[in-house]
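Have a look at the structure below before the remarks.
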Amino acid sequence: MAQVLLCCVLLCAALGAMALTERTALRKMDQHAQPLLTLRPAVLEKSMDDVVVSWYGAPKPNAKDMIALYCPADAAVDNFIGFKMVSDCPNWSLGNGQLVFQVANMRTACVFRYLSANVVGQHAVVATAKLGFVNEDEPTQGHLSLTQKPSEMRVMWVSATSSWTSPPQVSLGVKPGVYFSNFTGISYTYDIQAMCEAPANQTENFISPGQINDVLLFDLQPQTRYFYRYGNPLTGWSAEKSFLSAPGATKDMSVNVAIFGDLGVAIPFNTPVEQQPPARRTVELLLQDLAYEPDAHWSVLHIGDLSYARGFAFLWDYFFALIEPVATQVPYMVSVGNHEYNFWAQPFKPSWSNYVNDSGGECGVPYAQRFHMPEQDKAPRNAWYSYDFGPLHFTVYSGEHDFTQGSEQYNWLVNDLGSVDRSVTPWLIFTGHRPMYTSSNDLDEGPLRVHLQQELEPLLIRFKVDLAVWAHVHMYERTCPMVNFTCVERGQAPIHIVTGNAGNNWQAPWKEDGTGRQWYYDEPSWIEYRTDEFGYSRIRANASHLHFEHVQNQRHKVYDSFTLDARSPVDAYRTNVVDA
């Protein structure tokens, strides 16, 4: 009993001392009219860990006061990358509170600042607290991609530094924690001089991407799950990941593909630039799909408009933090969109195009450097390419480069589509960001779509493409099998899909907007289904069937689906294609 009383006395004394210390600290802060800003922890172990930001004794708290995050730490007061309002905390009016942030490792120290608002809404710094990382060289932004060989897989990630004495490495094995192979690769970067226009080439918006590491794994065995880590002894290692080796080109295997465009980034705090909050839900559902079928052959095809960084480089860091849990499990294939590439002085800019500075001056550089898709002769990196995934052949085009007859891309498309062996890959999918058909009638886009139809639709018919899958328009649409806005029997023309509603929250109304300019007309007869709710699409295919479905995000339910049957007379053109 005496021991219990002694413990109580000691505990009360300790609490009293703590209260006295806190009161003393608050009195000191009141004397100086400066709040105390603290971080717990002040040094994060890894990227996107939580940090609790607490403040005490804020003088004359205002609902417009904010806790702002700056990376790098010496950024100007008005150049924060994110913030939360102190009024998000219930007891903010007392001058005390705490908020939780998740912060990406951007290979530099960061700082939080308490910004106090005056009567006209201007902010002044009244407290600061510096945030660091245990290892600024931490390997982050990992992602996989396919090559044109099933025995290969590419691994890419970012670190702060590189060294010729310790090149980027991937350790590989078939059992967790047991690695029998070590692959090395290359490192490279780009700087602000590679950005061609504002805002990307302005120092306040550019953040070094660090060292981009690219390692090719080879001699992989089929149908094998590999465990891997990436990094090196100098920069440290990632947590262990795993993937299933690529199926290659074969009709004797069932595969799943998640396919969508216009995802963007969802950051767990407010930012001064646009973000796409629905993107987080899309990625959560993708992770559920992978967990539900862990031994299935999965891949992702992101059809353009990836991060929407548009010249604000920190968004690339948070985009990769968002997709990394998916992209380190399965190949994450990408195609170029207007928000990766378009710039005022781009080489291909015909009078009928609406190419402006949609990339924010990035001009395709981060897209080309941060990803590595299968290479094609004479093609700019990641612009147009093709790959096989089980019974599927994907032909990926670029609507941002010259696609007209006689161009490098057009000639390549003819060759690629004409060389597909339908006895090996019975399903042919043509894909790219800008759609050939959509019930959106934005007048700026109309002339470009007319030229897509004139230049490329004859190829889709000639080579008997099954599906044409697009994005760019932030909704989901499915057409009938169609030629020149005319529905035909299935098997005579491809079905067109627009699946651009994975994250971007800019939506035009379906009907006239009241200004006399029609953005969306009433549903035309050639549209079989459409929705402006957020979601993504899935393909499940084997030798005999291709099942396509669109998943609505809010309920994780399939809202639209159809199946192509290779044994059906109307779909019976799964043989080698000859020139018409």
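The values are calculated or read from the model by the stated rules, or taken from the named source; none is laboratory data. Keep in mind that this is a model prediction, so the values were computed, not measured. Reconstructed Cβ throughout: ideal geometry from the backbone, glycine too, with neighbour counts over all protein chains shown. With ligands, DNA and RNA removed, areas are computed over all heavy atoms of the protein, side chains included. Shrake-Rupley method; radii C 1.70, N 1.55, O 1.52, S 1.80 Å.
Tally Lys and Arg at +1 and Asp and Glu at -1 over the other residues with C-beta under 10 Å from the C-beta of residue 503: what net charge comes out?
Working: positive: 280, 281; negative: 262, 305.
Surrounding charge for residue 503 is 0.
Averaging the sequence gap over all C-alpha pairs within less than 8 Å and six or more residues apart, then dividing by the number of residues, gives the chain a relative contact order of 11 percent.
If I take all pairs of Cα atoms in the range 382-457, what percentage of them are more than 16 Å from each other?
Values: 1480 of 2850 pairs.
Percentage above 16 Å: 52.
On the principal axes of its alpha carbon atoms, the chain extends 93, 65, 52 Å, with the longest extent given first. Could you work out how far the C-alpha centroid of the range 348-397 sits from that of the range 314-336, in angstrom? A separation of 16 Å, based on Cα centres.
Projected over all directions and averaged, the alpha-carbon convex hull of the range 229-313 occupies 8.4 nm². Taking 203, 499 and ordering them by how much accessible surface each has at a 1.4 Å probe, largest first, produces 203, 499.
Place a point 7 Å from Cα of residue 523 in the direction of its Cβ. Which residues in the range 476-508 have their backbone N less than 13 Å from it? From the range 476-508, the list is 476-480. An ellipsoid equivalent to the range 276-385, defined through the eigenvalues of its Cα gyration tensor, has semi-axes of 28, 17, 12 Å when rounded to whole angstrom and sorted largest first.
Is it possible to state the helix-based mean residue ellipticity at 222 nm for the chain, with each DSSP H run of 4+ residues giving -39500 (n - 2.57), the sum divided by total residues, to the nearest 500 deg cm²/dmol? What is it?
Details: 7 runs with 98 residues, N = 580.
After summing the helix terms and dividing by the residues of the chain, the value is -5500 deg cm²/dmol.
Quick one: length gained pulling residue 507 to residue 109 fully straight, 0.36 nm per residue minus the C-alpha distance? Numbers along the way, then the final one.
On the way: separation 398, 0.36 × 398 = 143.28 nm, distance 3.73 nm.
Gain on extension, residue 507 to residue 109, equals 139.5 nm.
For the range 380-455, trypsin sites (Lys or Arg not before Pro) meeting the loop criterion (DSSP other than H, G, I, E, B) and having at most 16 other Cβ atoms within 10 Å: 381. Within the range 105-254, all pairs of alpha-carbon atoms sorted by distance into 5 Å bins from zero give the percentages 2, 8, 14, 15, 14, 13, 10, 8, 7, 4, 3, 2, 1, 0.
To the nearest Å, what is the center-to-center distance of the range 143-181 and the range 237-308, using C-alpha atoms only? When both Cα centres are located, 19 Å separates them.
Contact order for the range 335-417, expressed relative to its length and based on alpha carbon pairs under 8 Å spaced 6+ residues apart, stands at 27 percent. Per the Debye calculation on the range 59-113 with a single equal scatterer at every Cα and no solvent contribution, log₁₀ I(q)/I(0) for q = 0.27 Å⁻¹ amounts to -1.05.
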